[in-house]
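The values are calculated or read from the model by the stated rules, or taken from the named source; none is laboratory data. Being a predicted model, the structure only gives us computed values, none of them experimental. To get the accessible areas, we keep the full protein, side chains included, count just its heavy atoms, and leave off ligands, DNA and RNA. Shrake-Rupley method; radii C 1.70, N 1.55, O 1.52, S 1.80 Å.
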Amino acid sequence: METKINRGIVLRLAKYLRVLHKLKGMGFVKVFSNNLGDAIGVTPAVVRKDFSIIGIPGNKRGGYNIDVIIEEIERMLGKEERQPIVVLGCGKIGNALMHYTEFERDGIEVVAGFEINPDLINPNAHIPIYPIAKLPEVAVREAVKVAVIAVPDVAATEVFELVTASGIPGVLNFTSVDLKCGRCDFDECAIRCIVQNVNIGLEIENLFYLVRMKEADILDQSRSRTETLTSQTG
Ligand SMILES: NC(=O)c1ccc[n+]([C@@H]2O[C@H](COP(=O)([O-])OP(=O)(O)OC[C@H]3O[C@@H](n4cnc5c(N)ncnc54)[C@H](O)[C@@H]3O)[C@@H](O)[C@H]2O)c1
């Protein structure tokens with residue numbers, strides 16, 4: 001039976017998996033929930049809860065067998081299956097993603113890129129780059145589940161429409177256009193495309209905000225410490 005798990009758990013499972021592979025590579029056979037919690041920045045209780053949700057029984061004293069958890073998490077994340085993706089727009093971002101070799105470790109395979117620039121189209125390349133119009137054909141042939149959209153903003157909606165028309169159910173959107181699957185407005189929609197937006201600018205702004213808050217907090221604390229000292233000595 002498939003267990004429904006939320007995005008937070010999926011992200012943590014992927015993080016546990018990386019740590020587990022590292023530990024296995026170092027020769028470890030068992031791991032404890034506090035080791036995994038420390039490694040990804042959560043409490044041991046969260047680790048045990050996540051594992052119980054995916055059907056791994058808690059084992060506070062004896063630890064978990066690393067091979068068993070790896071197998072279970074990989075099954076849960078669908079990593080036993082091939083995970084084919086396509087990249088739409090093979091410019092700076094798209095090209096970098098197409099040649100990111102670490103995807104392979106996670107079972108992700110970039111099967112093709114798509115372009116409108118004839119200078120970049122090369123169906124004979126190691127990872128072929130096809131004209132964008134070929135997307136529906138390749139999507140069906142390769143059973144593509146996820147498309148990365150890395151075209152200029154002006155082309156985003158048009159490319160997204162082609163993605164949904166090609167039956168691709170997942171999109172990682174690098175453009176700043178808010179893409180929404182029009183097809184999802186219909187109950188009978190079979191695609192229900194899920195869009196995940198990546199906005200590095202927003203993430204950086206958010207970090208600046210958090211750093212400012214932290215600095216202000218530290219300043220407040222040191223001010224109140226000085227005031228306390230002054231009142232004690234004065
Ligand atoms: N999300 C972020 O954090 C972030 C950061 C930087 C850039 N971006 C955005 O990501 C996108 C890509 O950025 P980039 O720097 O790689 O741009 P780029 O100009 O280097 O590459 C875009 C590529 O898309 C191709 N293209 C244009 N129209 C197309 C279409 N209809 N079908 C297929 N290919 C098409 C172009 O020929 C080009 O090769 C832009 O929208 C940019 O604003 C996002």
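What part of the accessible area of the chain, given as a whole %, is carbon or sulfur when the probe is 1.4 angstrom? Roughly 56 percent of what the probe reaches on the chain is carbon or sulfur.
Filter LYS24/LYS79; LYS22/LYS79; LYS15/LYS79; LYS15/LYS49; LYS145/LYS180; LYS92/LYS214 down to the pairs with a C-alpha to C-alpha distance above 22 Å, please. Mind dumping the intermediate values first?
On the way: LYS24/LYS79 17 Å; LYS22/LYS79 17 Å; LYS15/LYS79 14 Å; LYS15/LYS49 15 Å; LYS145/LYS180 17 Å; LYS92/LYS214 34 Å.
In this structure, LYS92/LYS214 lie more than 22 Å apart at Cα.
Counting alpha carbon pairs within less than 8 Å and at least 6 residues apart, what relative contact order, in whole percent, applies to segment 83-198?
Reported as a whole number, the value is 24 percent.
Highest GNM mean-square fluctuation among ILE127, ILE108, ILE54, for the chain modelled with Cα contacts below 10 Å: ILE54. Rg then Dmax, both in Å and based on the Cα atoms of the chain: 23.1, 81. With coordinates expressed along the principal axes, the C-alpha atoms belonging to segment 1-45 extend over 32, 23, 15 Å, beginning with the largest.
Ellipsoid fit via the Cα gyration tensor, segment 83-198: semi-axes of 21, 15, 14 Å, each the root of five times an eigenvalue, largest first. Bridges between two residues of the chain, per DSSP, are antiparallel at a rate of about 10%. Segment 1-40 and segment 119-141 have Cα centres spaced 36 Å apart.
Given their separation in residues at 0.36 nm each and the Cα-Cα distance between them, ARG61 and THR228 gain 55.6 nm when the chain is fully extended. Taking the centroid of alpha carbons for each part, segment 57-97 and segment 193-234 are 34 Å apart. Multiplying the residue separation of ARG82 and MET26 by 0.36 nm and subtracting their alpha-carbon distance yields 17.5 nm. With no solvent and one equal point scatterer placed on each C-alpha of segment 1-85, evaluate the Debye formula and give log10 I(q)/I(0) for q = 0.20 Å⁻¹, two decimals. Once normalised to I(0) and log-transformed, intensities are -0.91. Result for the chain in a Gaussian network model with C-alpha springs under 10 Å: among ASP67, ASP217, ASP38, the largest mean-square fluctuation is at ASP217.
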